[in-house]
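> Take this structure first; my questions come after.
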Ligand SMILES: NC(=O)c1ccc[n+]([C@@H]2O[C@H](COP(=O)([O-])OP(=O)(O)OC[C@H]3O[C@@H](n4cnc5c(N)ncnc54)[C@H](O)[C@@H]3O)[C@@H](O)[C@H]2O)c1
């Protein structure tokens, strides 16, 4: 990721194509939202790139531009969308089916949404057991499927007159896969695709096709996908930005807001019990134990890293952390996340915190997709290659350089993101030391 201070950033000229793998609840809520904002029906609430500011210089300087005015981001009017899905429904029908947005709003966006028809997916039910669909590619082996994607991407870019593309995985969570020997090098990875090796999941085939096509890639699900040496070195070699994993929304967002606060006041933790009820297709997929395992790993890691039990054994050693997801159809996308947090304070006296977050998963995820598309495109134009750790802010399991532990504390993540933007523009980094005000 290293990039020089005050880098030359190529201008955001022409159209930016956003290729979404999966045209489900998150993708359609994102696309419909951008179209609604373009038409002036709504504001981009929840999006740091659109509403966030960045302080520059001293507190007394009064320089606080909007992020979108500080760094050259693509404009929403220049964004176009493409997608793959195993179901042939247009973005309009898929959005109606997902049931996140009201019919009345979708009715006003019918025209742009109807035009987005998903391309045939690379799919194998071995990796997502609860789904089966008809809009699926066939090919001799996984390598050939990747070539089909590469050709399709080139054709899509030409047809949609795009100057740049980004790809974001917003498809279902695949089963838990461990890193395998075939993931080590590009050669072993390509050979494994030709051999139809089971360690190569569909998400890896999309990521490979993106990186071969010169497109940066973000992974919104907890799957291994681009977090393997072969694809990381392909990204490096082709000078492409990558990031992941698993959009940070809902319960984990709350965890990474509250846990740093408890730690900052040296309050101890006996246990944190989290349960979710949700009834969307994501919930149905996660009802399969193998897909849930991938999600569980992603959700569980957060507290360990934030609380650092090794550094603070008397506060955090052996705390109990349980995460449950229950598929409950009546709730649809309107999830309920309950947390019971058993903490302790002065003299070891116990206290409890209860959180009942009645959230809307895709409403929280959509602005993340927007920001990732814009920041990945920015990173690409600024010559930033490989893992983009400054985008950890958006992920439950941030991808890092090998051997580095991820930073989960949302406040550190935000500082890192903004300091990266300052660095890119040659502005002083903000340390919050502030002694100069008292000289
Ligand atoms: N909604 C959130 O807040 C949130 C947060 C973090 C992560 N995620 C992850 O984002 C992903 C999308 O979530 P969602 O709520 O939109 O789910 P969804 O089930 O509504 O949509 C996923 C879509 O992906 C399609 N799909 C599955 N495998 C595919 C493949 N190989 N190629 C192309 N399409 C494929 C499915 O047919 C489905 O339409 C999930 O993996 C979810 O775990 C969502």
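The values are calculated or read from the model by the stated rules, or taken from the named source; none is laboratory data. This one's a predicted model, so the numbers in the text were calculated from it and none came from an experiment. So basically every Cβ, Gly included, is an ideal-geometry build from the backbone, and we count neighbours across all protein chains shown.
Quick grid of which residues meet (1) part of a loop (DSSP other than H, G, I, E, B); (2) at pLDDT below 95:
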{"position": "20", "(1), (2)": "no, no"}
{"position": "29", "(1), (2)": "no, no"}
{"position": "44", "(1), (2)": "yes, no"}
{"position": "49", "(1), (2)": "no, no"}
{"position": "61", "(1), (2)": "yes, yes"}
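> Please go through the stretch 111-130 and give me each residue that is surrounded by fewer than 18 Cβ atoms within 10 Å (Cβ to Cβ) and either in a loop (DSSP other than H, G, I, E, B) or in contact (Cβ under 8 Å) with a residue 60 or more places away in the chain (or both), ordered by number.
Quick first cut of the stretch 111-130, residues surrounded by fewer than 18 Cβ atoms within 10 Å (Cβ to Cβ) only: 111, 114-115, 117, 124-126, 129-130.
Listed by number, the residues that qualify are 115, 117, 124, 125, 126, 129, 130.
> Would you confirm, using the coordinates I've provided, whether residue 52 is without any contact (Cβ under 8 Å) to a residue 40 or more places away in the chain and more than 16 Å from the ligand (Cβ to nearest atom)? Break it down stepwise before answering.
Details: without any contact (Cβ under 8 Å) to a residue 40 or more places away in the chain: yes; more than 16 Å from the ligand (Cβ to nearest atom): yes.
The answer is yes for residue 52.
> With respect to residue 245, is the statement that it is surrounded by 23 or more Cβ atoms within 10 Å (Cβ to Cβ) and more than 10 Å from the ligand (Cβ to nearest atom) true?
The answer is no for residue 245.
> A follow-up question, please. Mind checking which residues of the stretch 248-269 are away from the ligand (no atom under 11 Å from the Cβ) and either at positive phi or in a helix (DSSP H, G or I) (or both)?
Hits for the stretch 248-269 are 254, 255, 256, 257, 258, 259, 260, 261, 262, 263, 264, 266.
> Show the residue pairs that are 6+ apart or on different chains and have beta-carbon atoms under 8 Å apart, the first residue being within the stretch 2-27 and at positive phi, the second being more than 16 Å from the ligand (Cβ to nearest atom) and not in a loop (DSSP other than H, G, I, E, B).
Cβ pairs passing all conditions: 6/424; 14/78; 14/162; 14/163; 14/164.
> Something else: Quick check on the stretch 84-96. Is at least one of its residues assigned to a helix (DSSP H, G or I), out of contact with any strand residue (DSSP E or B) (no Cβ under 9 Å at 6 or more places or on another chain) and more than 16 Å from the ligand (Cβ to nearest atom)? If you could, list the steps in order and put the result at the bottom.
At the first step, the residues of the stretch 84-96 found to be assigned to a helix (DSSP H, G or I) are 91-96.
Within this subset, residues satisfying the condition of being out of contact with any strand residue (DSSP E or B) (no Cβ under 9 Å at 6 or more places or on another chain) are 92-93, 95-96.
Adding the requirement that they be more than 16 Å from the ligand (Cβ to nearest atom) leaves none.
Among the residues of the stretch 84-96, not one is assigned to a helix (DSSP H, G or I), out of contact with any strand residue (DSSP E or B) (no Cβ under 9 Å at 6 or more places or on another chain) and more than 16 Å from the ligand (Cβ to nearest atom), which makes the answer no.
> Just the residues that are touching a helix residue (DSSP H, G or I) at 6+ places or on another chain (Cβ under 6 Å) and either under 18 Å from residue 363 (Cα atoms) or within 15 Å of the ligand (Cβ to nearest atom) (or both), please, taken from the stretch 97-118.
Within the stretch 97-118, 98, 100, 101, 106, 109, 113, 116 meet the criteria.
> How many residues, within the stretch 33-49, are within 16 Å of the ligand (Cβ to nearest atom) and closer than 13 Å to residue 76 by Cβ? Break it down into steps so the answer makes sense when it comes.
Looking only at the stretch 33-49, we keep the residues that are within 16 Å of the ligand (Cβ to nearest atom), and these are 33-34, 45-47.
When the remaining residues are screened for being closer than 13 Å to residue 76 by Cβ, the result is 33-34, 47.
The total comes to 3.
> Same structure again: Among 376, 404, which is the only one that is under 16 Å from residue 216 (Cβ atoms) and away from the ligand (no atom under 14 Å from the Cβ)?
Checking each option against the conditions leaves just 376.
> Could you list, in sequence order, all residues of the stretch 312-331 that are more than 24 Å from the chain's Cα centre (by Cα) and not in a helix (DSSP H, G or I)?
Those that are more than 24 Å from the chain's Cα centre (by Cα) and not in a helix (DSSP H, G or I): 312, 317, 318, 319, 320, 328.
> Could you check how many residues of the stretch 303-331 are closer than 24 Å to residue 410 by Cβ and within 13 Å of the ligand (Cβ to nearest atom)?
1
> Please go through the stretch 348-359 and give me each residue that is within 16 Å of the ligand (Cβ to nearest atom) and touching a helix residue (DSSP H, G or I) at 6+ places or on another chain (Cβ under 9 Å), ordered by number.
357, 359 - these are the residues of the stretch 348-359 that are within 16 Å of the ligand (Cβ to nearest atom) and touching a helix residue (DSSP H, G or I) at 6+ places or on another chain (Cβ under 9 Å).
> So which residues in the stretch 63-83 are assigned to a helix (DSSP H, G or I) and without any contact (Cβ under 8 Å) to a residue 12 or more places away in the chain, if there are any at all?
Matches in the stretch 63-83: 69 only.
> State yes or no: is residue 274 farther than 24 Å from residue 356 by Cβ and either at pLDDT below 95 or away from the ligand (no atom under 11 Å from the Cβ) (or both)?
Against the criterion (farther than 24 Å from residue 356 by Cβ and either at pLDDT below 95 or away from the ligand (no atom under 11 Å from the Cβ) (or both)), residue 274 does not qualify.
> On to the next question. Tell me which residues, restricted to the stretch 147-175, are out of contact with any strand residue (DSSP E or B) (no Cβ under 9 Å at 6 or more places or on another chain) and within 13 Å of the ligand (Cβ to nearest atom).
Result: 172, 173, 174, 175.
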